[in-house]
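Student: This is the structure I have questions about; it appears just below.
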Amino acid sequence: MTTATKAATTTTRRGLSLRQRRILWAYAFLFVPLLFFLVIRIYPTLSAFNISLHTWNPLSDQRPFVGLANYQKLWQEMLTPTSVTRKAFENTLKYVLIGVPLQLALGLGFALLLNSIYRLVSVFRMIYFIPFVTSAVAVAWVWRWLYQPDFGAINLLLSAFHLPTQRFLFDPSQSLLSIVAVVVWQGLGFTIIIFLAGLQQIPDVYYDAARVDGAGRWPLFRHITLPLLNSTIVYLAVLQTIAFLRMFTEVLNMTRQGDGGPLNTTTTVVLRIYREGFGSLNMGYASALSVALFIIILAITVIQLRFLQRRFDY
């Protein structure tokens, strides 16, 4: 074997060895998140569907197969105007319809203001972001105290200005909006930061060219800022919609005894799942509710991605 042949063989052997190592490392890094999704995401989802087909009490060894009986019960309760399950779905829809647009609008407004200043920007970002990284349970209990009718800080402030006091969480007409206000306030910092990142990705040359043509603030916002923020808006809309559909912690900790009151005006689907599964030990029906919520979230997400996403080029 000549020297050139030996060198070529050695190079080939080394090249194959390096390539094999890269492939093995690639599979190793891919396997970790795949294992996470299989164990943490996919398996529990499939297990929930399996449990929903049974009368499943975790304290009993007898778990008979009942087919779609739990889903039939869910459908019957959805057709009953006075049922707690129907009220939970209606409230969850209200949370989404009120909370998501409000959070996006406020987040974009504050992001535009922060994007237009040059001093103390980091301080303002930190102030707005602190509630987001604070424990949701702690936030809920603090606001529960602030909302108290007799000794809450908000009513004391209203009394100081001779304004009528409010019952907030104890009034069926105010309770849901009171919780929405807290959730929007806590998540506002995250929305602002994401919008700021999107605003800073828009090249200034577009604004300069539009100003040369005589465009004012509203045309700049409508024809440049909003279109180029489309991907950011879609991302936040999907993320916040899922968050509001899965609302649980705030309602559990802000309502009396965590019952979603008063008169079930604040209860949510996830709280209903919790009550059925861990309160009544009716895991079969709770799993049917979980599967139904999963399908709703998936459907809404697909619809949002299909109809909200646009591509703009300038």
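What follows draws every value from the coordinates through simple rules; no lab data is involved. Not measured: the values here are computed from a predicted model. Ideal geometry is used to build each Cβ from the backbone, glycine not excepted, and the neighbour counts take in all protein chains shown.
Student: List the residue ranges in the chain for DSSP H helices whose C-alpha atoms run 27 angstrom or more along the long axis and whose Kyte-Doolittle average is -1.0 or above.
Tutor: Helices meeting the criterion: 3-36, 84-115, 175-200, 283-308.
Student: Oh, and also: Sort 156-162, 272-278, 217-223, 146-152 for me by packing, meaning the mean count of neighbouring Cβ atoms within 10 Å per residue, highest on top.
Tutor: 272-278, 146-152, 217-223, 156-162
Student: If you don't mind, another one. What distance in nm lies between label points placed 7 Å from Cα along the C-beta direction at residue 126 and residue 148?
Tutor: The two pseudo-label positions are separated by 3.2 nm.
Student: For the chain, what is the mean residue ellipticity at 222 nm derived from helices alone (per DSSP H run of n ≥ 4: -39500 (n - 2.57); sum divided by total residues; nearest 500 deg cm²/dmol)?
Tutor: Dividing the helical sum by the residues of the chain leaves -22000 deg cm²/dmol.
Student: A follow-up question, please. For residue 207 and residue 263, what does the FRET efficiency come to when R0 = 30 Å and r is the distance between their Cβ atoms, rounded to the nearest 0.05?
Tutor: The pair residue 207/residue 263 has a calculated efficiency of 0.05.
Student: Something else now. Please work out the C-alpha center-to-center distance from region 166-180 to region 201-229 and express it in whole Å.
Tutor: 41
Student: Could I ask something else about it? Under the 0.36 nm per residue contour assumption, what length would be gained going from the current alpha-carbon distance of residue 305 and residue 65 to full extension?
Tutor: Contour length minus Cα-Cα distance gives 82.7 nm.
Student: Quick check: pseudo-label points 7 Å beyond the Cα along Cα→Cβ at residue 29 and residue 160, how many nm apart are they?
Tutor: Going by the 7 Å Cα→Cβ label model, 5.6 nm.
Student: When the gyration tensor of region 262-314 is built from Cα positions, what are the square roots of 5 times its three eigenvalues, in whole Å, from largest to smallest?
Tutor: Semi-axes from the Cα gyration tensor: 34, 14, 6 Å.
Student: With springs only between Cα atoms under 10 Å apart, run a GNM on the chain and tell me which of 65, 31, 170 wobbles the most.
Tutor: Greatest mean-square fluctuation among the candidates belongs to 31.
Student: Would you indicate which of (1) 20.1; (2) 23.8; (3) 20.7 is the value of Kirkwood radius over Cα pairs in Å derived from the coordinates of this structure?
Tutor: So the calculated entry is the one marked (2).
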